[in-house]
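Colleague: Pasting a structure here, questions to come.
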Amino acid sequence: MADVSTQPSRSRDLDKLLLRAGNLVDPNFEPGQELRDDLQTYVKVLVVGAGGLGCELLKDLALSGFRNLEVIDMDRIEVSNLNRQFLFRLEDVGKPKAEVAAKRVMERISDVNIVPHFCRIEDKDIEFYNDFNIIALGLDSIEARSYINSVACSFLEYDSDDNPRQETIKPMVDGGTEGFKGHARVIVPGVTPCFECTIWLFPPQVKFPLCTLAETPRTAAHCIEYAHLIKWNEVHGGKAFDPDEPEHMKWVHNEAVKRAELFGIPGVTYSLTQGVVKNIIPAIASTNAIISAACALETLKIASGCSKTLSNYLTYNGAEGLHTKVTEFVKDNDCLICGPGVLIELDPSITLQKFIDLLEGHDKLQLSKASVTHRGKNLYMQAPPVLEEMTRSNLTLLLFNLMGKVSKDIVHVTGTTSKNDQKSSCLRKLRVAFKGVDGVTDMDTAGGA
Ligand SMILES: [Zn+2]
């Protein structure tokens, strides 16, 4: 057996960053062994998603010296995941991704503790997320990112000059990939733009005009969508197309091939048909590896201060050659999510029910089915039924009294909003101020009221 002392330490590379001073370090950075130990002992990181990016992230973070990791994912392993979600094996198919990913990383990397959570991100209460120093996102959905972003930003508090309070900032590192393209970004709520500040970065999904499909197809995708959207209905009238039914998919593929031959368009394959119909963008393992490496490094920088963090959005494109660039986006000061909050002025005589009704009609919020929380206390919850019943009697009470008779304070509401006809759950921060009320005016003291 080799002498352990002659083997290079696992933290050899990490030590180069953590044990030495440098020009690019954070002003509070104190290099040394202690920093490395503290990082391992005290820093808790949550990885959201245990798919292509999540598997990479967990492994990278564990190898970067983080010892306290948790991972949350609601999905089970599918055969089609195995080509890139490298922590999973054939015998794992059907098992929860989070549980298998945590187990596999712990088997390979000693001393790391990973707690898996096999559930929806909405199933955890908000305080669960407050327990982490950093949240790393390895997600493929805009809605899920938006939700975690709103949760992390809900912890943010501003002082009376509208400056963010340092201790309430919950940093996030967000990775995303789409084929050969990807991004890594650092979100420091109140300092850098949050996910919602730059939501316009995600263009609406491209839909082909039906006339193009019917008359002037130019690409293989056009031929597939013709077979899927037009031909299927012509032939099967009324019978719904089921993307999970192989016979249906084969039929669409055959029709698309005929169409492509007619117009001399190459490239219609069965897997492309599946991709177009199910709107699947092929996942590339190397893109996931590159993006998650960037995210893990940013997580390490935030946790240790060993270098300035990415400011604040890195894009990577490996489709033709390799191109990577960092763009500094700016914060939207009116952002509903990371801003100081939507100011709502109310009469002290308003009941909780009236307040909930008002949120639905509010032009900036349009929040229906709102649940209301004040300083961690549920004033009214729409679900689950047990909580609804417990809080229902509050509806007829005065909001002013329920909030401890303070003249103004932050209230959190969750509910559904519809944007572009799409309903999504969201969490909003409101700055409630009661008109004509003296007494406690400073938000800081509201907690003691
Ligand atoms: Zn924002």
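The values are calculated or read from the model by the stated rules, or taken from the named source; none is laboratory data. The shown structure was predicted, so the numbers you read here are calculated from the model rather than taken from an experiment. In this analysis, Cβ positions are derived from the backbone assuming ideal geometry, glycine residues included, and neighbour counts consider all displayed protein chains.
Colleague: Taking the conditions exactly as written (in contact with a strand residue (DSSP E or B) (Cβ under 8 Å, 6 or more places away or on another chain), under 24 Å from Cys194 (Cβ atoms) and either of a type in the set (A, V, I, L, M) or modelled with pLDDT of 90 or more (or both)), does Tyr380 satisfy them or not?
Modeller: no
Colleague: Tell me which residues, restricted to the range 194-248, are part of a helix (DSSP H, G or I) and either under 30 Å from Cys338 (Cβ atoms) or within 16 Å of the ligand (Cβ to nearest atom) (or both).
Modeller: Ile199, Trp200, Leu201
Colleague: Which of the residues spanning the range 5-64 are touching a Leu at 6+ places or on another chain (Cβ under 9 Å), among the charged types (D, E, K, R) and assigned to a loop (DSSP other than H, G, I, E, B)?
Modeller: Arg10, the sole residue that qualifies.
Colleague: Considering only helices (runs of 4 or more DSSP H) fully contained in the range 325-438, which possess at least 1 residues that are of a type in the set (S, T, N, Q) and touching a residue at least 24 places away in the same chain (Cβ under 8 Å)?
Modeller: Result: 352-361.
Colleague: Ok, one more. Within the group Val151, Val105, which residue is more than 16 Å from the ligand (Cβ to nearest atom), assigned to a helix (DSSP H, G or I) and closer than 30 Å to Ile281 by Cα?
Modeller: Val105
Colleague: To continue, here is another question. Based on what the data block shows, is Thr212 over 14 Å from Leu272 (Cα atoms) and either in contact with a helix residue (DSSP H, G or I) (Cβ under 7 Å, 6 or more places away or on another chain) or among the polar types (S, T, N, Q) (or both)?
Modeller: Spelling it out, Thr212 is indeed over 14 Å from Leu272 (Cα atoms) and either in contact with a helix residue (DSSP H, G or I) (Cβ under 7 Å, 6 or more places away or on another chain) or among the polar types (S, T, N, Q) (or both).
Colleague: What do you reckon, is Val326 at pLDDT 95 or above and either within 16 Å of the ligand (Cβ to nearest atom) or not hydroxyl-bearing (Ser, Thr, Tyr) (or both)?
Modeller: In short, yes.
Colleague: Right, something else. Among the candidates Asp174, Asp162, single out the residue that is surrounded by fewer than 16 Cβ atoms within 10 Å (Cβ to Cβ) and either more than 25 Å from Pro282 (Cβ to Cβ) or of a type in the set (Asp, Glu) (or both).
Modeller: Step by step, each of Asp174, Asp162 is checked, and only Asp162 is surrounded by fewer than 16 Cβ atoms within 10 Å (Cβ to Cβ) and either more than 25 Å from Pro282 (Cβ to Cβ) or of a type in the set (Asp, Glu) (or both).
Colleague: Exactly one condition in (1) surrounded by fewer than 21 Cβ atoms within 10 Å (Cβ to Cβ); (2) in a strand (DSSP E or B) is not met by Ser110; state its number.
Modeller: Tallying (1) surrounded by fewer than 21 Cβ atoms within 10 Å (Cβ to Cβ); (2) in a strand (DSSP E or B), Ser110 fails exactly one: (2).
Colleague: Please work out which residue is farthest from the ligand (Cβ to nearest atom), limiting yourself to the range 175-193 and to residues that are over 13 Å from Ile135 (Cα atoms) and not in a strand (DSSP E or B).
Modeller: Selected residue: Phe180.
Colleague: Which ones in the range 129-144 are at pLDDT 95 or above and in a helix (DSSP H, G or I)?
Modeller: Tyr129, Asn130
Colleague: Name the residue, out of Lys301, Lys308, that is under 21 Å from the mean Cα position of the chain (by Cα), of a type in the set (Lys, Arg) and within 30 Å of Leu18 (Cβ to Cβ).
Modeller: Exactly one of Lys301, Lys308 is under 21 Å from the mean Cα position of the chain (by Cα), of a type in the set (Lys, Arg) and within 30 Å of Leu18 (Cβ to Cβ), namely Lys301.
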